[in-house]
1. Report every pair of residues separated by at least 6 positions or lying on different chains whose Cβ atoms are under 7 Å apart, first residue within the range 23-43 and closer than 20 Å to residue 284 by Cα, second β-branched (Val, Ile, Thr).
2. Here is a list: 238, 289, 281. Which entry is within 22 Å of the chain's Cα centre (by Cα), open to solvent by less than 20 Å² (accessible area, probe 1.4 Å) and more than 28 Å from residue 182 (Cβ to Cβ)?
3. With respect to residue 76, is the statement that it is out of contact with any Ser or Thr (no Cβ under 7 Å at 6 or more places or on another chain), acidic (Asp, Glu) and farther than 27 Å from residue 41 by Cβ true?
4. Filter the range 144-163 down to residues that are open to solvent by less than 70 Å² (accessible area, probe 1.4 Å) and out of contact with any helix residue (DSSP H, G or I) (no Cβ under 9 Å at 6 or more places or on another chain) and give me whichever is farthest from residue 106 (Cα to Cα).
5. Can you tell me which residue within the range 60-79, out of those that are surrounded by 12 or more Cβ atoms within 10 Å (Cβ to Cβ) and of a type in the set (Asp, Glu), is nearest to the chain's Cα centre (by Cα)?
6. Quickly run through the range 220-270 and pick out the residues that are among the charged types (D, E, K, R) and in contact with a helix residue (DSSP H, G or I) (Cβ under 6 Å, 6 or more places away or on another chain).
7. Does residue 127 meet the test of being within 30 Å of residue 216 (Cα to Cα), hydroxyl-bearing (Ser, Thr, Tyr) and open to solvent by 50 Å² or more (accessible area, probe 1.4 Å)?
Amino acid sequence: MTQPPKGARRSYGVKTAPYAFLLPAAVLFLLFFALPIGYAVWLSFHRTEIKGNGLGKGAKSEVWAGLENYASALTDPEFLASALRVLGYGAVVVPVMLGLALFFALLLDSRRVRGRSFARLAIFLPYAVPGVIAAVLWGFLYLPDVSPLHHLLEKAGLPQPDLMDGGPLYLAMANIAVWGGTGFNMIVIYTSLRSLPAEVFEAATLDGCSELQIALRIKIPMVAPSLVLTFFFSIIATLQVFNEPTTLRPLTNGIPSTWSPLMKVFNDAFTGGNIYAASATAVVLALATFALSFALLRISNRRTTQGASR
């Protein structure tokens, strides 16, 4: 039996090597991402049908429901209320977090700043704290009975705000998200700033531009793609908020079990036992996130194209 030439075997190995490297990632993607999404979509089109009194073998069966679960999800007042709460929460979190991230990135990129490495690490460090732990830490700082901040305000004779109820609750949860997410967005923007050519800033300095003018007229427009990227990440994270309200809920009566859309999905699936309605709500939330991200990306690309054509 003749053996293939060594050159042919080497060429075959070079061609198949990339697929061999991609195979583990493709298998994991299929098992833990694609299949669960497909199964959730399949569940969203079904429901449980109960025959008779629901007892005995075959009393419960899974039947086709069509768009019934989706209609129920879109008309559910609890789901709509949770979506409105998340929109209000995002209206506070996203501008404040991105504004601080941009401010810190520009500050660290300035030539007059000292201790840049320590400041960069200190700003980024809260992002390394898991969301549940951060919510627990801030939750105990908010509680009047155990908070050292409330103790200091009491000693100073100042009013002690209740941050765990009503309107201040939005600010309390937004503070946790801003504290944890500013560092990541700052690193993304700062990395983009460091990749800009130094000749541009030197020329602007020779022309008499101040640090503020360079930041506003040169740096910010040049890092606009990074700002758009961090904006997308922030919008997606806001729509998927779950850790903060779920962790703070045992500490206050002001957070219902369906405060956010993901909490509504969790409550329907594991408390109410209706995994079909929960799947439909999850699919609606995913489609809304995709549609919003796609629309914002189109608007951003259109403005970038118009700016380049000018």
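1. 40/283; 41/283; 43/275
2. Details: 238 fails: more than 28 Å from residue 182 (Cβ to Cβ); 289 fails: more than 28 Å from residue 182 (Cβ to Cβ).
Answer to the selection: 281.
3. Working: out of contact with any Ser or Thr (no Cβ under 7 Å at 6 or more places or on another chain): yes; acidic (Asp, Glu): yes; farther than 27 Å from residue 41 by Cβ: no.
When the stated conditions are applied, residue 76 does not pass them.
4. The residue in question is 157.
5. 78
6. Just the residues of the range 220-270 that are among the charged types (D, E, K, R), to begin with: 244, 249, 264, 268.
Scanning the range 220-270 gives 244, 264, 268.
7. Details: within 30 Å of residue 216 (Cα to Cα): yes; hydroxyl-bearing (Ser, Thr, Tyr): yes; open to solvent by 50 Å² or more (accessible area, probe 1.4 Å): yes.
Judged against the criteria, residue 127 is a match.
A quick yes/no check of all residues on (1) modelled with pLDDT of 90 or more; (2) basic (Lys, Arg):
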residue	(1), (2)
148	no, no
151	no, no
155	no, yes
180	yes, no
186	yes, no
192	yes, no
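The values are calculated or read from the model by the stated rules, or taken from the named source; none is laboratory data. Small disclaimer: the values here were computed from a predicted structure and weren't measured. Heads up, the Cβs are rebuilt from the backbone with ideal geometry, glycines too, and the neighbour counts pull from every protein chain shown. Accessible surface is based on the protein model in full, side chains and every heavy atom, while ligands, DNA and RNA are left aside. Shrake-Rupley method; radii C 1.70, N 1.55, O 1.52, S 1.80 Å.
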